[in-house]
Amino acid sequence: MTAFFTAKVALVTGAGSGIGRATALAFAAAGARVSAADIAIEAAEETAALITHSGGTCLPMYADISDAEQAAASVAKTVAAFGRLDIAFNNAGISGGRPGQDDFDEIRYDRVMAINAKGVWLGMKYQIPEMLRGGGGAIVNMASIAGLTGVGALAYTASKHAVIGMTKAAAVRYAGESIRINAICPGAVDTPMFARATAGTASPPAGTTGPLAAPADIATAVLFLCSAEARFITGHPLVVDGGILAG
Amino acid sequence: MFNLAGRVAIVTGGNRGIGLAIAEGLAKAGAAIVIAARDKAAGQEAAASLGASAMFIETDVTNPESCYAMVRGTEDRFGRLDILVNNAGIMRFGRAEETALADWQAVLDINLTGAFLCAQAAYPAMRRQKAGKIINISSLAAIFGTAAGAAYASSKGGLVQLTRSLAVSWGPDNIQVNAILPGYIESDLTRRAEVERPGAFDAKRARTPACRIGLPEDIAGAAIFLASDASSFITGTSLTVDGGYAIQL
């Protein structure tokens with residue numbers, strides 16, 4: 001597994017916890033040098049410490065990926081430190097509350113769309129030129145099964161549909177230039193975000209009642225999509241949900 | 001990450017094309033391989049090319065007895081069965097109004113019923129082991145209509161629904177069932193079709209965002225992933241491996 005990403009450089013946003021941290025660790029364990037961006041810098045530093053402790057290389061950084069300058073800076077800092085960018089996992093996101101609650105709260109809508117949708121868009125905007133310079137790359141954008149169905153808080157569901165749409169549009173545009181762009185669609189995953197979103201509910205909200213994945217279950221799928229084994233896969237929203245959508 | 005050491009895989013139609021590339025990929029990842037196919041000479045040759053941990057079992061996937069014998073033969077030789085790749089398939093062209101019932105039936109029998117029968121035969125072993133991976137090789141024809149291939153498209157669409165149903169049904173047994181939808185792949189099947197109806201390669205290449213036709217080896221990586229523990233939370237899904245063809249008009 002170590003050989004999979006040797007000499008590769010991966011940028012992971014939202015790398016301070018949950019799926020982002022698990023994926024940053026997995027990339028590092030597979031040989032990549034990793035940039036760990038998070039709005040919680042202490043959490044990103046913790047991820048970096050975990051990686052360094054296991055003999056890997058990781059650059060932690062603060063980034064609010066809904067801000068264009070900071071999204072650009074996350075790419076620039078990565079390239080300054082490691083000389084290139086081969087892989088990006090645009091993972092940072094927020095849940096936007098519970099389904100049915102504050103569905104038409106404008107502030108909430110703007111905030112969820114700014115982070116979950118525009119944050120991914122900004123990520124690709126600055127990552128793609130760097131990958132073109134390096135001769136190609138692979139991007140995975142964090143969607144959700146809420147990007148394929150009507151479950152989840154309204155703004156969250158809208159933002160995840162947007163992520164899948166922009167993933168496909170960008171995939172079509174850059175497939176001929178050796179950049180593959182895919183999305184990942186987890187069901188319920190055992191993360192701090194999921195715990196916060198479901199805390200205090202008598203019964204779990206719709207769409208969160210299936211089996212609970214571990215963050216590592218999602219990380220392996222992200223690594224696959226970024227690996228040479230997936231070289232002919234692009235524009236695909238890969239569902240990792242324990243079979244919820246199938247039934 | 002994608003280590004299959006100690007695992008045993010059956011690949012139906014594994015004697016050529018996508019099936020052989022998958023068999024080679026799984027073998028390289030460490031799995032022992034059973035090539036299950038009708039063509040004895042090609043099957044034995046394919047198994048021999050994979051080395052000592054591979055064997056050929058002559059199999060007719062449309063015959064339930066033959067499918068059970070395939071699984072028995074696998075367990076007799078390797079002691080277990082972890083992975084079943086339902087890849088055997090045929091293509092027959094013809095406009096719907098001119099398609100003979102025998103042609104329709106032959107395509108459905110091999111492509112769809114064959115996968116069902118092999119899965120049925122594999123289930124007892126996988127349930128006993130409390131683990132299993134079934135990978136159905138469907139097609140983009142499961143998503144798009146095909147003017148000259150209603151039977152093929154119907155069989156491949158059926159395979160996606162079979163995938164979902166088996167995933168739901170056998171999930172509690174820790175058996176993951178997924179489909180791979182290859183785009184247009186340069187294989188024996190499509191090279192023969194190109195002779196019968198020239199122009200498909202150019203047309204498909206022009207429509208593929210990645211600007212190329214797929215190769216059988218392109219499919220192997222997805223099969224390795226879906227056969228490995230790395231995909232243990234993925235079931236009932238359809239993975240397109242098509243250079244972006246499905247998202248382009």
Single match in B:Ala31, B:Ala23, B:Ala88, B:Ala41 (criterion: of a type in the set (Gly, Ala, Ser), at pLDDT 95 or above and under 20 Å from B:Lys130 (Cα atoms)) | B:Ala31
Before we move on, is B:Lys156 more than 10 Å from every other protein chain (Cβ to nearest Cβ), within 19 Å of the chain's Cα centre (by Cα) and crowded, with 21+ Cβ neighbours inside 10 Å?
-> yes
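Which count do you get for residues in region B:47-81 that are at pLDDT 95 or above, assigned to a loop (DSSP other than H, G, I, E, B), out of contact with any Leu (no Cβ under 8 Å at 6 or more places or on another chain) and of a type outside the set (A, V, I, L, M)?
Just the residues of region B:47-81 that are at pLDDT 95 or above, to begin with: B:47-50, B:53-81.
Add one more test, that the residue is assigned to a loop (DSSP other than H, G, I, E, B), and what stays is B:50, B:53, B:59-63, B:79-81.
Remaining after also requiring out of contact with any Leu (no Cβ under 8 Å at 6 or more places or on another chain): B:50, B:53, B:59-60, B:79-81.
From the residues that got through so far, the ones that are of a type outside the set (A, V, I, L, M) too are B:53, B:59-60, B:79-80.
Residues flagged as at pLDDT 95 or above, assigned to a loop (DSSP other than H, G, I, E, B), out of contact with any Leu (no Cβ under 8 Å at 6 or more places or on another chain) and of a type outside the set (A, V, I, L, M) within region B:47-81 amount to 5.
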Taking interchain pairs and intrachain pairs at least six residues apart, which have beta carbon atoms under 8 angstrom, with the first residue in region A:123-135 and over 9 Å from A:Leu85 (Cα atoms) and the second surrounded by 14 or more Cβ atoms within 10 Å (Cβ to Cβ) and among the acidic types (Asp, Glu)?
-> A:Leu132/A:Glu177
Test: A:Ile181 is at the interface with chain B (Cβ under 10 Å from one of its Cβ atoms), at pLDDT 95 or above and buried (at least 21 other Cβ atoms within 10 Å of the Cβ) | yes
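Would you please name the residue that is nearest to the other protein chains (Cβ to nearest Cβ), looking only at residues in region A:209-232 that are over 29 Å from B:Gln248 (Cβ atoms) and more than 14 Å from the chain's Cα centre (by Cα)? Show your work before the answer.
Pass one, region A:209-232, residues over 29 Å from B:Gln248 (Cβ atoms): A:209-217, A:219.
Among the residues that remain, those that are also more than 14 Å from the chain's Cα centre (by Cα) are: A:209-214.
Working: A:Thr209: 14, A:Gly210: 10, A:Pro211: 8, A:Leu212: 9, A:Ala213: 5, A:Ala214: 8 Å.
Step by step, filter region A:209-232, then rank; the result is A:Ala213.
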Mind counting the residues in region A:87-104 that are in contact with a helix residue (DSSP H, G or I) (Cβ under 8 Å, 6 or more places away or on another chain) and surrounded by fewer than 24 Cβ atoms within 10 Å (Cβ to Cβ)?
-> 8
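Hey, could you check region B:1-26 for residues that are in a helix (DSSP H, G or I) and away from every other protein chain (no Cβ under 14 Å) and say which is surrounded by the fewest Cβ atoms within 10 Å (Cβ to Cβ)?
Here is the first cut: in region B:1-26, the residues in a helix (DSSP H, G or I) are B:17-26.
Checking which are away from every other protein chain (no Cβ under 14 Å) leaves us with B:17, B:19-20, B:23.
Working: B:Gly17: 20, B:Gly19: 28, B:Leu20: 27, B:Ala23: 30.
In this case the residue turns out to be B:Gly17.
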Identify, by number, the condition in (1) more than 13 Å from the chain's Cα centre (by Cα); (2) in contact (Cβ under 8 Å) with a residue 60 or more places away in the chain; (3) surrounded by fewer than 24 Cβ atoms within 10 Å (Cβ to Cβ) that A:Gly235 doesn't meet.
-> (3)
Keeping to region B:206-221, report how many residues are within 7 Å of chain A (Cβ to nearest Cβ) and either on the phi > 0 side of the Ramachandran plot or part of a helix (DSSP H, G or I) (or both).
-> 3
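Take the residues in region B:224-239 that are under 17 Å from B:Ala142 (Cβ atoms) and more than 7 Å from chain A (Cβ to nearest Cβ), then tell me which one is surrounded by the fewest Cβ atoms within 10 Å (Cβ to Cβ). Working first, answer last.
First, the residues of region B:224-239 that are under 17 Å from B:Ala142 (Cβ atoms): B:226, B:236-239.
With the extra rule that they be more than 7 Å from chain A (Cβ to nearest Cβ), the set shrinks to B:226, B:238.
Working: B:Leu226: 26, B:Ser238: 20.
Checking each candidate, the answer is B:Ser238.
Take A:Ile244 and tell me if it is touching a residue at least 60 places away in the same chain (Cβ under 8 Å) and over 27 Å from B:Ala210 (Cα atoms). Lay out the reasoning, then the answer.
Working: touching a residue at least 60 places away in the same chain (Cβ under 8 Å): yes; over 27 Å from B:Ala210 (Cα atoms): yes.
Spelling it out, A:Ile244 is indeed touching a residue at least 60 places away in the same chain (Cβ under 8 Å) and over 27 Å from B:Ala210 (Cα atoms).
Tell me which residues, restricted to region B:75-109, are among the small types (Gly, Ala, Ser) and within 19 Å of the chain's Cα centre (by Cα). Reasoning before the result, please.
From region B:75-109, those among the small types (Gly, Ala, Ser) are B:79, B:88-89, B:94, B:96, B:100, B:102, B:106; that's our starting set.
Passing the criteria: B:Ala88, B:Gly89, B:Ala106.
The values are calculated or read from the model by the stated rules, or taken from the named source; none is laboratory data. This is a predicted model, so every value here is computed, not measured. Glycine also receives a Cβ, built like all others from the backbone with ideal geometry; neighbour counts cover every protein chain displayed.
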